[in-house]
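Notes follow the structure.
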Amino acid sequence: MPRTSLLVAALAAALLTPCVARAQQTPTLGELALKEQARRQALKAAAGKVLTNDDLPRGVTPPAPATADPAAQAAAEDKPLEKPEEPAKDEAWWKQRIAQVREELRRNEMFADALQTRINSLTGDFAMRDDPYQRAQIAEQRSKAVLELDRVKADIELNRTKIAGIEDEARRAGVPPGWLR
């Protein structure tokens, strides 16, 4: 039997040695917490540092602080504030101006047609439903679509008024009618 107990002791020692070695290599939870605390303090110290002109390399001058107000900057420089030039009102300018408003009008008209189709579809769905809950939901969606259609129709009228105003302005300025086509 001594041989068996010797064998068991040797086997136990062989099995426990890697566990003890592994336990010594793995940091404990307390050690990990200390490392994390040190890492956070190092980050905080690096983020809290304020750079000054002394930190810049020699020969580099910092840029002058910019003022947010151009009028104050012009007054500081004793220069009169120049107005931005108006674009030349040539044929391309007039065509672009009227084309933008016409394109917006076209998009609004297409959207109005789509909304009207949706309203018609919701009206049909409302008539086909028997469930009061579903009818209430469809009625709510329909009322929202009607309100949106009213808003889009107001935008359409505004765009038509803008087009008439641009055409009138061009007529007064002596612009040939072909420029607005």
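Read the figures in this text as sums done on the coordinates, not as results from a lab. Since we're looking at a predicted model, the values are computed, not measured. Here Cβ is always computed from backbone atoms with ideal geometry, including for glycine, and neighbour counts include all displayed protein chains.
Full extension of the segment from E36 to A99, taken as 0.36 nm per residue of separation minus the current Cα-Cα distance, would add 16.4 nm. Please give me the summed charge of the neighbours of A170: other residues whose Cβ is under 15 Å from its Cβ, Lys and Arg +1, Asp and Glu -1. With Lys, Arg at +1 and Asp, Glu at -1, the net is +3. Can you figure out the FRET efficiency of Q141 with D54, using R₀ = 45 Å and their beta-carbon distance, to the nearest 0.05? Approximately 0.10, to the nearest 0.05. Electrostatic tally near A154: other residues with Cβ closer than 12 Å to its Cβ, Lys and Arg +1, Asp and Glu -1, net -1. With both labels modelled 7 Å from their Cα along Cα-to-Cβ, the R181 to A88 distance reads 2.3 nm. Extension gain, T117 to T4: 0.36 nm times the residue separation minus the Cα-Cα distance gives 31.3 nm. The overall shape of region 91-180 is prolate: from the C-alpha gyration tensor, with semi-axes ordered a ≥ b ≥ c, the ratio a/c is 1.5 or greater and a/b exceeds b/c.
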